[in-house]
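Novice: Quick one: structure below, then a few questions.
The values are calculated or read from the model by the stated rules, or taken from the named source; none is laboratory data. No experiment lies behind these values; they were computed from the predicted model shown. Counting neighbours? That spans all protein chains shown, and the Cβs are built from the backbone with ideal geometry, glycine included. Note: accessible area is taken over every heavy atom of the protein model, side chains too, but ligands, DNA and RNA are not part of it. Shrake-Rupley method; radii C 1.70, N 1.55, O 1.52, S 1.80 Å.
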Protein chains: 2
Amino acid sequence: MKELIAALPVGRVLTDPDVTESYARDRTFLRPGKALGVVLAQSRDDVVTTMRWATEHRVPVVPRGAGTGLAGAATAMDGSVVLSLHRMTSILDLSPDDEVAVVEPGVITADLDRAAREHGLMYAPDPSSYEISTIGGNLATNAGGLRCVKYGVTRDSALGLEVVLADGRVLETGRRTMKGVTGYDLTGLFVGSEGTLGVITKATVRLRRAPAEVATVAAEFSSLRDAAAAVSAITAAGCQPSLLELMDRTTLKAIDDWKNIGLDPGTQAMLIAQSDASDSQRAAARMAELCDANGASFTALSGSPEEAAELVGVRRLAYQAKERLGQCLVEDVCVPRSALPEMISAVEAAAARHDVMIATVAHAGDGNLHPVFVFERGLEEPPPQVWAAADEVFREALALGGTLTGEHGVGLLKRRWLALESGPVATEIQHGIKRVFDPLNILNPGKAI
Amino acid sequence: MKELIAALPVGRVLTDPDVTESYARDRTFLRPGKALGVVLAQSRDDVVTTMRWATEHRVPVVPRGAGTGLAGAATAMDGSVVLSLHRMTSILDLSPDDEVAVVEPGVITADLDRAAREHGLMYAPDPSSYEISTIGGNLATNAGGLRCVKYGVTRDSALGLEVVLADGRVLETGRRTMKGVTGYDLTGLFVGSEGTLGVITKATVRLRRAPAEVATVAAEFSSLRDAAAAVSAITAAGCQPSLLELMDRTTLKAIDDWKNIGLDPGTQAMLIAQSDASDSQRAAARMAELCDANGASFTALSGSPEEAAELVGVRRLAYQAKERLGQCLVEDVCVPRSALPEMISAVEAAAARHDVMIATVAHAGDGNLHPVFVFERGLEEPPPQVWAAADEVFREALALGGTLTGEHGVGLLKRRWLALESGPVATEIQHGIKRVFDPLNILNPGKAI
Ligand SMILES: Cc1cc2nc3c(=O)[nH]c(=O)nc-3n(C[C@H](O)[C@H](O)[C@H](O)COP(=O)(O)OP(=O)(O)OC[C@H]3O[C@@H](n4cnc5c(N)ncnc54)[C@H](O)[C@@H]3O)c2cc1C
Ligand SMILES: Cc1cc2nc3c(=O)[nH]c(=O)nc-3n(C[C@H](O)[C@H](O)[C@H](O)COP(=O)(O)OP(=O)(O)OC[C@H]3O[C@@H](n4cnc5c(N)ncnc54)[C@H](O)[C@@H]3O)c2cc1C
């Protein structure tokens, strides 16, 4: 560590155990190991220096953005160094003509979106955490979000990367153009690789035209399955929502207890749908109709941006509201669109069978559900019945043709189910790829694959 | 070869040299080597058998779809076996509810699109060759097309693959869901890998809602730069065209000479723009206005699907029309959107300086240009001045922040420029990845990377 401290500019390395501990965990309940220290990188050179040192001394490095992850991917292990990118916050270039931005990895997601809006553009990927997560973390997890039902996940906005490899070499991938097929798609390989293949130090991302108007529908249902049926109907009718979010009663109740949103006693589910098309009012009206036709007990349509922001704001509070109830194990299964109602029933059944509190929100338009298992504060880890219920939900998702994780990643949390989804050939290939980039297993060992 | 013939069902292997030769080339001028034979695979098992045999005997294998490639990626080498997938033409599943299709690799692109339309859906990626190319070839080249300005390239529609590796092992990648981040993105790695990493035997692809209406604008310009300026204006105004194609006079003249489209003597360029938004008429009217404002000599707007099909049909004839003029070297540079006018000037300058005929079409909305260098029939390869002009165009594209190839791939044709775009670290990593999948270099050796 002395050598590392000497090699970096003054103040870059923190070794105070309390401080280190605060950089060693993400937003899961997982308890980190004891890290040797934290590097607060301020430039690519800092990252290169750190990685060269780590390779020389065989020290595991855990890249870290804002630590908002929900899979334990940024959880530090004993004897590792945490490499935090959150101080690299420059937007280096924002070109309205090319509809492209070049950013450092520590830029907060919503900050980039706001900077783009000044030019009539937007940065589309918007995890609920977008006010607190970093672009680097979003890239490393291939974050989804509310708008991705229309605009795709982070991968769909990533054009090119600058990456520092485990041994300190600098790799550039991709390009500034909208299309390009020179060589294998290394950009895509880094997106979602959870810091195991390299440290992203710069990214070229795609911006899109910001929509002129947005119309929003909020619909309440007295059954969760009715709400799921409305989702299917909206998709099938080709409404192309720019947002289609579902919350169950447990979630709504948690938000209501905290923020007093005036929740009706009979409401079992709420759907928020948005259209940002040029005929957004018409599209939203159609979505409202389809909610009514599928048994909504109450439907409201609004063209006001303030009301829309408020409604979506409620949705963005969902996770924090649940954290007030206890510790959370957050699942992230994603199923083929048509399987959404079945998946929801399976979650309800698992909750009942194991007597566990599960509060579900869903990026419903994509078939991506977040059943959040709430358990007692103070416990070291989820009690057996929570794991049993979680196991059931994972297996059901896979049985329905789905996946363990739609957007949060595998991290440490989902490793034990990984083999159920990836066959032995895929697993072998994944590890082979890891060795090409990081033969000494320096970068975030034990995560993701 | 005897062993291979014996191992496969009767009739799968062709060894007649004339037949073999017809399977040994793509649509470039490149002369193939002498292949040992052609396997006409009809099932995954045929592919597994072939690859096991090839690995055992160290025989290079060239996967092949329809041979419509423009980069020499399916060009056979001496002593290789061509593995054609074009007989695997089943659409195994088409789910309107999940908006997903599962297909064999030999399905013709437009056939899948038509099958989807029966359910109100479409398969978005539509290379100009979509009536003759295969989905497997589209995946292996990450094909673009006319609609990709709005709907993205083939990558953006690929959800999951079944792939036979060089040694005959079967790998499954991806999933049937809209999102998913379990493990590294192997699907993305195969897309665009030009048959060098594995043989795609099945693909799960995303379908989209087919638009209800389409409005089309055709505008003629007396200068190519004016047309390029109109493209920039259309993008900047946020019109979100679903198609934005540019043709220069040389291209139009070639089409006119063949199909008599009534080309005006003063027309130097034509722009075809389309909107498939729900207010397509309004969007198209705005695009027409912007053409007028940028000096169009003639603008026509039509809401009729027949007229639209006719206009787009003209564009799809462009390449065949040029092939009537002589042999063609097709470039495929892609530049950041704002650099389109400059790139066009550079192409014109190269044509003039080297006295070479260059006919350019562009997927203009994406900054993707196809300058087609026409040279004398009968020549073994392009004369020096054509290579010199092509070299200039490549270098200029890279200098403008662009790429060698937007959608056709590297194949054999662009290998000599590859190092200009991919640095040494990227090159080393690419070869490392190749070794993970194909350590004996059996699959399409010498292509792509
Ligand atoms: C309230 C709340 C709501 C959320 N909502 C969503 C949602 O809607 N959608 C969604 O997808 N996620 C959501 N998340 C999860 C989380 O915000 C995302 O995973 C996010 O992308 C993590 O970003 P981060 O900067 O916090 O990364 P971290 O948590 O710090 O790290 C995550 C992973 O990325 C790696 N990493 C970080 N930076 C780099 C880099 N520069 N180079 C290489 N690797 C790097 C880390 O090693 C780790 O593997 C939510 C989280 C919370 C707390
Ligand atoms: C008139 C014309 C217009 C065109 N317009 C466009 C256009 O607009 N956009 C565009 O992108 N391209 C265009 N092309 C180029 C060409 O059509 C595309 O590259 C197409 O994707 C090739 O498909 P194919 O089935 O003919 O593949 P092939 O030419 O047979 O093969 C191409 C590559 O794919 C590999 N391959 C094929 N099948 C498989 C498989 N199952 N598994 C693994 N590897 C495989 C081959 O090894 C080779 O490397 C055009 C070509 C022509 C002739």
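Novice: Suppose the filter is outside any helix (DSSP H, G or I), in contact (Cβ under 8 Å) with a residue 24 or more places away in the chain and either away from ligand 2 (no atom under 15 Å from the Cβ) or farther than 23 Å from B:ARG315 by Cα (or both); does B:GLU392 pass it?
Specialist: Judged against the criteria, B:GLU392 is not a match.
Novice: Looking only at region B:263-284, decide whether some residue is of a type in the set (Lys, Arg) and open to solvent by less than 80 Å² (accessible area, probe 1.4 Å). It would help to see each step written out before you state the result.
Specialist: Of the residues in region B:263-284, the ones of a type in the set (Lys, Arg) are B:282.
Imposing the further condition that a residue be open to solvent by less than 80 Å² (accessible area, probe 1.4 Å) reduces the set to none.
Taking every residue of region B:263-284 in turn, none turns out to be of a type in the set (Lys, Arg) and open to solvent by less than 80 Å² (accessible area, probe 1.4 Å).
Novice: Considering A:ALA71, A:ALA54, A:ALA41, A:ALA76, which residue is under 23 Å from A:GLU21 (Cβ atoms) and touching a helix residue (DSSP H, G or I) at 6+ places or on another chain (Cβ under 6 Å)?
Specialist: Details: A:ALA71 fails: touching a helix residue (DSSP H, G or I) at 6+ places or on another chain (Cβ under 6 Å); A:ALA54 fails: touching a helix residue (DSSP H, G or I) at 6+ places or on another chain (Cβ under 6 Å); A:ALA76 fails: touching a helix residue (DSSP H, G or I) at 6+ places or on another chain (Cβ under 6 Å).
Exactly one of A:ALA71, A:ALA54, A:ALA41, A:ALA76 is under 23 Å from A:GLU21 (Cβ atoms) and touching a helix residue (DSSP H, G or I) at 6+ places or on another chain (Cβ under 6 Å), namely A:ALA41.
Novice: Count, please, the residues in region B:34-49 that happen to be open to solvent by less than 40 Å² (accessible area, probe 1.4 Å) and closer than 24 Å to B:ILE132 by Cβ.
Specialist: The total comes to 9.
Novice: Let me ask something else. With facing another protein chain (nearest Cβ under 10 Å) and within 10 Å of ligand 1 (Cβ to nearest atom) as the only criterion, which of A:THR154, A:THR109, A:THR173 stands out? Even if it seems obvious, please write down each step before you answer.
Specialist: Details: A:THR109 fails: facing another protein chain (nearest Cβ under 10 Å); A:THR173 fails: within 10 Å of ligand 1 (Cβ to nearest atom).
That would be A:THR154, the only listed residue that is facing another protein chain (nearest Cβ under 10 Å) and within 10 Å of ligand 1 (Cβ to nearest atom).
Novice: If I filter region B:401-419 down to residues being part of a helix (DSSP H, G or I) and surrounded by 15 or more Cβ atoms within 10 Å (Cβ to Cβ), which single residue comes out as farthest from the other protein chains (Cβ to nearest Cβ)?
Specialist: Going through region B:401-419, the residues part of a helix (DSSP H, G or I) turn out to be B:415-419.
Next, only the ones that are surrounded by 15 or more Cβ atoms within 10 Å (Cβ to Cβ) stay: B:415, B:417-418.
On the way: B:ARG415: 11, B:TRP417: 9, B:LEU418: 7 Å.
Going through the qualifying residues, I end up with B:ARG415.
Novice: So which residues in region A:428-449 are more than 17 Å from A:ALA140 (Cα to Cα) and among the small types (Gly, Ala, Ser)?
Specialist: Scanning region A:428-449 gives a single hit, A:GLY432.
Novice: For residues in region B:433-449 being away from chain A (no Cβ under 14 Å) and within 17 Å of B:ARG52 (Cα to Cα), which is surrounded by the most Cβ atoms within 10 Å (Cβ to Cβ)? Don't jump to the end; show me each part of the working.
Specialist: To start, the set of residues in region B:433-449 that are away from chain A (no Cβ under 14 Å) comprises B:440-442, B:445-446.
Retained after the next criterion (residues that are within 17 Å of B:ARG52 (Cα to Cα)): B:440-442, B:445.
Numbers: B:LEU440: 13, B:ASN441: 15, B:ILE442: 22, B:PRO445: 16.
The extreme case among them is B:ILE442.
Novice: Can you find even one residue in region B:293-308 that is in contact with a Leu (Cβ under 7 Å, 6 or more places away or on another chain) and not acidic (Asp, Glu)?
Specialist: Just the residues of region B:293-308 that are in contact with a Leu (Cβ under 7 Å, 6 or more places away or on another chain), to begin with: none.
Looking for residues that are in contact with a Leu (Cβ under 7 Å, 6 or more places away or on another chain) and not acidic (Asp, Glu), one finds none in region B:293-308, hence no.
Novice: Residues A:GLU310, A:GLU289: which one is open to solvent by 30 Å² or more (accessible area, probe 1.4 Å), more than 13 Å from ligand 1 (Cβ to nearest atom), under 21 Å from A:ARG147 (Cβ atoms) and more than 14 Å from chain B (Cβ to nearest Cβ)?
Specialist: Values: A:GLU289 fails: under 21 Å from A:ARG147 (Cβ atoms).
Sole residue among the options that is open to solvent by 30 Å² or more (accessible area, probe 1.4 Å), more than 13 Å from ligand 1 (Cβ to nearest atom), under 21 Å from A:ARG147 (Cβ atoms) and more than 14 Å from chain B (Cβ to nearest Cβ): A:GLU310.
Novice: Further, regarding this structure: Got a number for residues in region A:240-254 being hydrophobic (A, V, I, L, M, F, W, C) and surrounded by fewer than 23 Cβ atoms within 10 Å (Cβ to Cβ)?
Specialist: Of the residues in that region, 0 qualify.
Novice: Quick one: in region A:349-360, of everything that is in contact with a strand residue (DSSP E or B) (Cβ under 8 Å, 6 or more places away or on another chain) and open to solvent by 10 Å² or more (accessible area, probe 1.4 Å), which residue is nearest to ligand 1 (Cβ to nearest atom)?
Specialist: Within region A:349-360, the subset in contact with a strand residue (DSSP E or B) (Cβ under 8 Å, 6 or more places away or on another chain) is A:350-351, A:356-360.
With open to solvent by 10 Å² or more (accessible area, probe 1.4 Å) added as a condition, the list becomes A:351, A:356-358, A:360.
Working: A:ALA351: 21, A:VAL356: 21, A:MET357: 18, A:ILE358: 17, A:THR360: 14 Å.
For region A:349-360, the residue satisfying everything is A:THR360.
Novice: Here's a follow-up. Here's a check for you: in region B:418-449, which residue that is among the polar types (S, T, N, Q) and at pLDDT 95 or above is farthest from ligand 2 (Cβ to nearest atom)?
Specialist: Step one: list which residues in region B:418-449 are among the polar types (S, T, N, Q), which gives B:422, B:427, B:430, B:441, B:444.
Right, trim to at pLDDT 95 or above and you get B:427, B:430, B:441, B:444.
On the way: B:THR427: 19, B:GLN430: 15, B:ASN441: 14, B:ASN444: 5 Å.
For region B:418-449, the residue satisfying everything is B:THR427.
Novice: Tally time: how many residues in region B:50-68 are crowded, with 22+ Cβ neighbours inside 10 Å and over 14 Å from B:VAL38 (Cα atoms)?
Specialist: 1
Novice: Scan region A:242-261 and tell me whether some residue there is outside the structural domain of A:LEU369 (by TED's automatic domain parsing), more than 27 Å from the chain's Cα centre (by Cα) and of a type outside the set (S, T, N, Q).
Specialist: no
Novice: Inspect all residues belonging to region B:384-400 and state whether any of them is among the polar types (S, T, N, Q), open to solvent by 10 Å² or more (accessible area, probe 1.4 Å), away from ligand 1 (no atom under 16 Å from the Cβ) and more than 9 Å from every other protein chain (Cβ to nearest Cβ).
Specialist: If we filter region B:384-400 for residues that are among the polar types (S, T, N, Q), which is where we start, we get B:385.
Still in the running and open to solvent by 10 Å² or more (accessible area, probe 1.4 Å): B:385.
Then drop every residue that is not away from ligand 1 (no atom under 16 Å from the Cβ), which leaves B:385.
From what is left, the residues that are more than 9 Å from every other protein chain (Cβ to nearest Cβ) are B:385.
The answer is yes; a qualifying residue exists.
Novice: Is region A:325-341 home to any residue that is part of a loop (DSSP other than H, G, I, E, B) and open to solvent by 10 Å² or more (accessible area, probe 1.4 Å)? Give the steps one after another, and end with the answer.
Specialist: Taking region A:325-341 and keeping what is part of a loop (DSSP other than H, G, I, E, B), we get A:325-326, A:331, A:333, A:335-336.
Going one step further and asking which of them are open to solvent by 10 Å² or more (accessible area, probe 1.4 Å), we end up with A:325.
Yes, the conditions are met somewhere in region A:325-341.
Novice: Return the only residue of B:THR187, B:THR196 being crowded, with 24+ Cβ neighbours inside 10 Å, polar (S, T, N, Q), out of contact with any His (no Cβ under 6 Å at 6 or more places or on another chain) and more than 8 Å from every other protein chain (Cβ to nearest Cβ).
Specialist: Working: B:THR187 fails: crowded, with 24+ Cβ neighbours inside 10 Å.
Only one candidate qualifies: B:THR196.
Novice: Something else: Tell me which helices (runs of 4 or more DSSP H) are completely within region B:83-174 and hold 1 or more residues being more than 14 Å from ligand 2 (Cβ to nearest atom) and open to solvent by less than 20 Å² (accessible area, probe 1.4 Å), or say none if there are none. Give the derivation first.
Specialist: Numbers: elements: B:109-117, B:135-141, B:148-151.
Fully inside region B:83-174 and qualifying: B:109-117.
Novice: Would you confirm, using the coordinates I've provided, whether A:LEU70 is at negative phi and either in a loop (DSSP other than H, G, I, E, B) or modelled with pLDDT under 95 (or both)? Spell out the reasoning first.
Specialist: Details: at negative phi: yes; either in a loop (DSSP other than H, G, I, E, B) or modelled with pLDDT under 95 (or both): yes.
Yes: the conditions hold for A:LEU70.
Novice: Give region B:176-200 a look and list any residue that's within 16 Å of ligand 1 (Cβ to nearest atom) and among the aliphatic types (A, V, I, L, M), or say none. Before the answer, list the steps.
Specialist: First, the residues of region B:176-200 that are within 16 Å of ligand 1 (Cβ to nearest atom): B:177-185.
Result: B:MET178, B:VAL181.
Novice: Need the failing condition index for A:HIS370 against (1) surrounded by fewer than 17 Cβ atoms within 10 Å (Cβ to Cβ); (2) in contact (Cβ under 8 Å) with a residue 12 or more places away in the chain, just the number.
Specialist: Only one criterion is unmet by A:HIS370, namely (1).
Novice: On to the next question. One residue is enough: does region B:26-40 have a residue meeting the conditions more than 16 Å from ligand 1 (Cβ to nearest atom), within 14 Å of chain A (Cβ to nearest Cβ) and free of Cβ contacts under 8 Å to residues at least 60 places away in the same chain? Talk me through it step by step, then tell me what you get.
Specialist: Residues of region B:26-40 more than 16 Å from ligand 1 (Cβ to nearest atom): B:26-40.
Restricting the remaining residues to those that are within 14 Å of chain A (Cβ to nearest Cβ) gives none.
The answer is no, given that none of the residues of region B:26-40 is more than 16 Å from ligand 1 (Cβ to nearest atom), within 14 Å of chain A (Cβ to nearest Cβ) and free of Cβ contacts under 8 Å to residues at least 60 places away in the same chain.
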